[in-house]
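Novice: Next up is a structure, given as structure tokens.
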Amino acid sequence: MIERAIEMLNEQQRNVKERSAPWMVAEQLKDICRREPESAELIAQDLDNPQMGIVQAEKKIKAFADGHKTGGFSCVTPLEADKILREFYGLGAASDSTGEKTSKILNLADFL
């Protein structure tokens, strides 16, 4: 499923300018697919829907950036972009390399 999702993202990338914002969204989604096979399946399913493509996902990120401008400057951090993409594609919280959800908080008092 990972290969299918990545090929679908590659196909959509061919329709946008290299290194453009939508192109970079596809790169970030590929990274998610490689780390999280369960997310790759959901992304592949969503990419079949024209309203769920990389251009539409990038518009969500741009809307966030535009809403958080400082003067004439706006940007989105990688974590913010990740959160926006996860919401757009209905993905769960990010997993670390062990497959554990990264949203867990480590309480050092638990070790004492």
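The values are calculated or read from the model by the stated rules, or taken from the named source; none is laboratory data. Keep in mind it's a predicted model, so treat the numbers as computed, not measured. A quick note on method: Cβ atoms are made from the backbone with ideal geometry, for glycine too, and the neighbour counts reach across all protein chains shown. Remember, those area values only see protein heavy atoms, side chains included, never the ligands or the DNA or RNA. Shrake-Rupley method; radii C 1.70, N 1.55, O 1.52, S 1.80 Å.
Novice: Net charge near Met1: determine it from the other residues with C-beta under 12 Å of the C-beta of Met1, scoring Lys and Arg +1 and Asp and Glu -1.
Specialist: -3
Novice: While we're looking at this one, here's another question. With every protein chain present, what is the per residue accessible area of the range 11-62 (1.4 Å probe, Å²)?
Specialist: I get 58 Å² per residue for the range 11-62.
Novice: Here is a follow-up. Quote to one decimal, in nm, the extra length available between Ala94 and Glu7 on full extension: 0.36 nm per residue of separation minus the C-alpha distance between them.
Specialist: Stretched out fully, the Ala94 to Glu7 stretch lengthens by 29.1 nm.
Novice: Would you kindly state how much longer the chain becomes between Gln45 and Asp31 on full extension, computed as 0.36 nm times their sequence separation minus their alpha carbon distance, in nm to one decimal?
Specialist: Result: 3.4 nm gained on full extension.
Novice: Once fully extended, how much extra length lies between Glu80 and Lys60, figured as 0.36 nm per residue of separation less the alpha-carbon to alpha-carbon distance?
Specialist: Gain on extension, Glu80 to Lys60, equals 6.1 nm.
Novice: Moving on to the next point. Of the peptides 11-21, 40-50, how do they stack up when ordered by the mean number of other Cβ atoms within 10 Å, highest first?
Specialist: Sorting 11-21, 40-50 by mean packing, highest first, produces 40-50, 11-21.
Novice: Counting only protein heavy atoms, what percent of the accessible surface of the range 17-83 is carbon or sulfur at a 1.4 Å probe?
Specialist: With neighbouring chains kept in place, the figure for the range 17-83 is 55 percent.
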